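Asker: The following block contains the structure, expressed as structure tokens.
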Amino acid sequence: MAYEKLFAEFPEVTTEQWEAAIEKDLKGADYNKKLVWKTIEGFDVKPYYRAVDLQGLEYLQSNPDEKPFVRGHQANGNNWEIRMDIDTDDLVAQNRIALECLERGVNSVGFNTKNVQTEDDLKTLLDGIYPQYIRINFLKSGNFLNLLQLFVSYCKNNGIDCKEVKGSINFDSYCYALKHGKFWGSNEENMDEAAQIMKYAIENLPLFKTITINGNIFSNAGSNISQELGFSLAMANEYLYFMTERGIKAEDCVQRMMLSFATGSTYFMEIAKIRASRLLWTNIAEQYSKDEKASRLFVHCEDTKYNKTVFDAYVNMLRTTTETMSAVVGGADSIAVMPFDIAFKPSDEFSRRIAVNQQILLKEESYLDKIIDPSAGSYYIETLTNNIAEKAWELFKEVEKQGGYAQALRNNFVQQKIKDTEALRAKDVARRKTVIVGTNQYPNITEKEVRIEKDCQCNCCSEEGKEFDTLPFKRAAEPFEQLRIKVINSDKKPKVFNLLYGNLAMRNARQGFSTNFFGVAGYDIVSKPTDDIVAGCQDALKENPDIVVLCSSDEQYPEFVKAALPVLKGKVKHIIVAGNPEDALKEEFNAMGVTDYINVRTNALDSLTKYNNDLIG
């Protein structure tokens, strides 16, 4: 039976025809400015892609579970581990939380082992938990080798076959170095310890992963996606080099390594990042071994901390949902969803339940675990995969030219690259070009209180003994949050009066802009329309505002300002026009007493900081 091509009766549309239709719709507007997205990674994203854009991409011919593993390691589905990391260091509380999460569908748990010193401590931590059936991940230990030895003893004493136990430890000396500005001892000593731990695991816990490449550290510091990928692979390559140098086969080493990414809010880019990581890792691994096992790097994903917020915190649930979907579609082997409140307080039963349910819904109700590499063949995602891979590979090669990853740290190469990127991202947040819903745009102005129970997120504040720079661990929302917290804690809350006049559509649009603008800082806001300018100004003065914002159309501002300023001047500290009049009009308005202008080009952070300092001190 012959199969006909679907839609064969429709004529093919050429790229030239598409472009002609687009140019017609643009009506003379600049194509590149309107439709081409210039990413912070350094490449342009076109408004559409076609099959011709994928020519020359050899990896497209591979199937799932085949080199270079862009399409993942599974041939029969997309099943991933649902993981929950527990943030408390109380052993009894961790056990209770872990059992609670396991009942809800979690099959991988991250334990804080800071206080695990004896086998009895492990017994307390793991009471009622069966390591042979779930993945056990040990975090924050001061001595991982001793911890593994205790764990092996615990398993043997409880009749558990160590060869069946899956898990990981979060040993990552390079992550420690970036947080503290120095190595623990020396890099060579760290690599000796890593090799000792790995050899112990090979003999006693063959399914345990003993090195975690914490690429999430870069995302949490504000890196772009290509930097997170490029530097993560440079770290992984450095570990692989030092482990093979110490007599461990490449394939044995890679089976005990885990790459941990942080997924952010650029949905398709994050999907492409995970796929690109497998492509590039295969290129690296093949330099050490032709054994396919060396190319099978386990990828874990968690949500980035960089975009999480204190205010309107429930929006974090939306962020983590799309971030988790990116990880799923990209083919992550393991995923941990961050409880929505973890940026400002320890997680609670509700926030953990929601975090677990997000993955359960994606797996059990959306059936995303049933489809292998759903993004395969997408012209857009395949092109992004290639673009990200190219940029990350360039960066990887730059690190190698520095003399390897450890030397790149000593040269502050890694740190400076990420600091430069974070500065650009922070600028876009300050100008609200990058929108953080509920924080720098669309604030919940009814939110009057906030409880912050966490101060430092990284525990690396000391400058003592630093040998090189650390990374700037902070969330993008923090500067705006600090503005609003200052207002909440102040005895005097600034008041804004939006006075609306003239054209209905324009005055309402500018009233909305002003409300959003000052609502971000938590100011009290009153809005009122008027047909009588003088009477409207008198009504405004009755509210005793610190700021009056005039909201109207550009055409009606000369009339509005001329009538309003004699009534307001000298009685209100700040008189603002919502909009961006021409320079000549600004000079005229300034002479009448207008003190400022707010519009889409205003640096909201700088402007609101100025008002906070003036009105609150």
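Asker: Return the FRET efficiency for the residue pair residue 186, residue 524: r is the Cβ-Cβ distance, R0 is 56 Å, and the value is rounded to the nearest 0.05.
Answerer: So, using R0 = 56 Å, E works out to roughly 0.45.
Asker: Please work out how much length the chain gains when fully extended from residue 584 to residue 246, using 0.36 nm per residue of separation minus the C-alpha to C-alpha distance, in nm with one decimal.
Answerer: Computed gain between residue 584 and residue 246 is 114.4 nm.
Asker: Moving to a separate point now. Once both labels are modelled 7 Å past Cα along the beta-carbon direction, what's the residue 25-residue 120 spacing in nm?
Answerer: Distance between the two pseudo-spin positions: 7.1 nm.
Asker: Moving on to the next point. How large is the translational diffusion coefficient of segment 431-572 in µm² per second when you combine the Kirkwood radius over alpha carbon pairs with Stokes-Einstein at 20 °C and 1.002 mPa s?
Answerer: Translational D for this selection: 122 µm²/s.
Asker: Which distance in Å, rounded to a whole number, links the C-alpha centroids of segment 97-129 and segment 379-430?
Answerer: Segment 97-129 and segment 379-430 have Cα centres separated by 36 Å.
Asker: Tell me, what is the percent relative contact order of segment 490-615, built from C-alpha pairs under 8 Å that lie six or more residues apart?
Answerer: 27
Asker: Also, quick follow-up: Give the value in nm², to one decimal: projected area of the alpha carbon convex hull of the chain, averaged over all directions.
Answerer: That works out to 34.3 nm², a quarter of the Cα hull's surface.
Asker: Tell me the Kirkwood radius of segment 77-408: reciprocal of the mean inverse pair distance over distinct alpha-carbon atoms, in Å.
Answerer: Hydrodynamic radius (Kirkwood, Cα pairs) of segment 77-408 is 20.1 Å.
Asker: If you take the C-alpha gyration tensor of segment 118-191, multiply each eigenvalue by 5 and take the square root, what semi-axes do you get, largest first, in whole Å?
Answerer: Three semi-axes, in Å: 28, 12, 11.
Asker: Here's a follow-up. Hey, with R₀ at 41 Å, roughly what FRET efficiency would residue 6 and residue 133 work out to, going by the Cβ-Cβ distance, to 0.05?
Answerer: Using R0 = 41 Å, I get an efficiency of 0.35.
Asker: Only four residue types carry charge here, +1 at the Cβ of Lys and Arg and -1 at the Cβ of Asp and Glu. Report the dipole size of the chain about the Cα centre in Debye, rounded to the nearest 20.
Answerer: That gives a dipole near 880 debye.
Asker: Using just the C-alpha positions of segment 16-80 as equal point scatterers, what log10 of I(q)/I(0) does the Debye formula give at each q in 0.21 1/Å?
Answerer: Per q value, in the given order, log10 I(q)/I(0) is -0.93.
Asker: Once the piece of chain linking residue 538 and residue 600 is laid out straight, how much longer is it, given 0.36 nm per residue of separation minus the C-alpha distance between them?
Answerer: Taking residue 538 through residue 600 to full extension adds about 19.4 nm, to one decimal.
Asker: Mean separation of Cα pairs under 8 Å and 6+ residues apart, divided by the residue count of segment 478-553: what relative contact order is that in percent?
Answerer: 46
Asker: When N is the residue count of segment 184-323, what does its C-alpha Rg come to as a fraction of 2.2 N^0.38 Å?
Answerer: 1.14
Asker: Now for a separate question. Is segment 490-615 rounded, prolate or oblate when judged by the Cα gyration tensor, a ≥ b ≥ c being the square roots of its eigenvalues, rounded requiring a/c under 1.5 and prolate requiring a/b larger than b/c?
Answerer: rounded
Asker: If you build the Cα gyration tensor of segment 165-226 and take the root of 5 times each eigenvalue, what three semi-axes come out, in whole angstrom, biggest first?
Answerer: That gives 24, 17, 7 Å for the three semi-axes.
Asker: Take every Cα pair under 8 Å in the chain that's 6+ residues apart, average their separations, divide by the length, and report that relative contact order as a whole percent.
Answerer: 13
Asker: Among 46-59, 148-161, what's the highest-first ranking by average C-beta atoms within 10 angstrom per residue?
Answerer: 148-161, 46-59
Each value in this text was obtained by applying a stated rule to the coordinates, not by laboratory testing. Here the structure is a predicted model, which is why all the values come from computation and not from measurement. All Cβ positions, glycine included, derive from the backbone under ideal geometry; neighbour counts span all protein chains shown.
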